[in-house]
1. Along Cα→Cβ, 7 Å out, is where each label goes; now give me the distance between the ones at Glu114 and Leu91 in nm to one decimal.
2. Show which lysines lie in cross-link reach of Lys15 when reach means a straight Cα distance below 28 angstrom and same-chain residues fewer than eight apart are skipped.
3. Given C-alpha coordinates of the chain, what is the ratio Rg to Rh with the Kirkwood estimate of Rh?
4. Report the Cα centroid-to-centroid distance between region 26-59 and region 62-124 in angstrom, as an integer.
5. Sorted by accessible area (1.4 Å probe), largest first, how do His62, His3 line up?
6. Test of understanding: what is the full-extension gain from Leu10 to Glu56, defined as 0.36 nm times their sequence separation minus their Cα-Cα distance?
7. Within region 62-112, which GluC sites (Glu not before Pro) sit in a loop by DSSP and count at most 14 neighbouring Cβ atoms inside 10 Å?
8. What's log10 of I(q)/I(0) for region 61-124 at q = 0.15, 0.19, 0.25, 0.27 Å⁻¹, Debye sum over Cα points only, no solvent?
Amino acid sequence: VSHDGDFVVLASDSKLAVGIDIMNETRPIPKDPTKWKQFTKYEKENILGVNSTEIEIIRQYHRHWSMKESFLKAYGQGLGFGLQRVECHYLNGNWGNKAFAIVDNSISNYWEIELSYIDQNHVK
């Protein structure tokens, strides 16, 4: 279960571990990347991108946060597991709706991350 503003989302499966997170991609973020302690060096570089606009940086920050939080919910350990232990990578490089997790420096083939947008076609 996750909520943000007027939205609440729920994911479940009778056989698979699932996690979900929802986040408003326009919410302000810490301006100083040295304060982004929850992200790995790779993730920070991905968030900042090459020639990224401020809006793109904010969106990527929230996407990476949501991927990490969803993974931790599915894993069942919560934030106590350590956000630095999980590193999320997009399948196609630096953007997309599919990703995978590296846990404790090992690629995990067990976990799949999918990103979706809530748009005007969703009930509010």
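1. 1.0
2. Counting by Cα, and skipping residues close in sequence, Lys15 has these lysines nearby: Lys68, Lys73, Lys98.
3. Result: Rg/Rh = 0.94.
4. 16
5. Descending order: His3, His62.
6. Extending this stretch completely gives an extra 13.9 nm.
7. Loop-located and lightly packed - Glu112.
8. -0.47, -0.72, -1.10, -1.24
The values are calculated or read from the model by the stated rules, or taken from the named source; none is laboratory data. Just so it is clear, the model here is predicted, and its values are computed rather than measured. Neighbour counts are summed over all protein chains in view; Cβ atoms, including those assigned to glycine, are modelled from backbone coordinates with ideal geometry. For accessibility, only protein heavy atoms count, side chains too; no ligands or nucleic acids. Shrake-Rupley method; radii C 1.70, N 1.55, O 1.52, S 1.80 Å.
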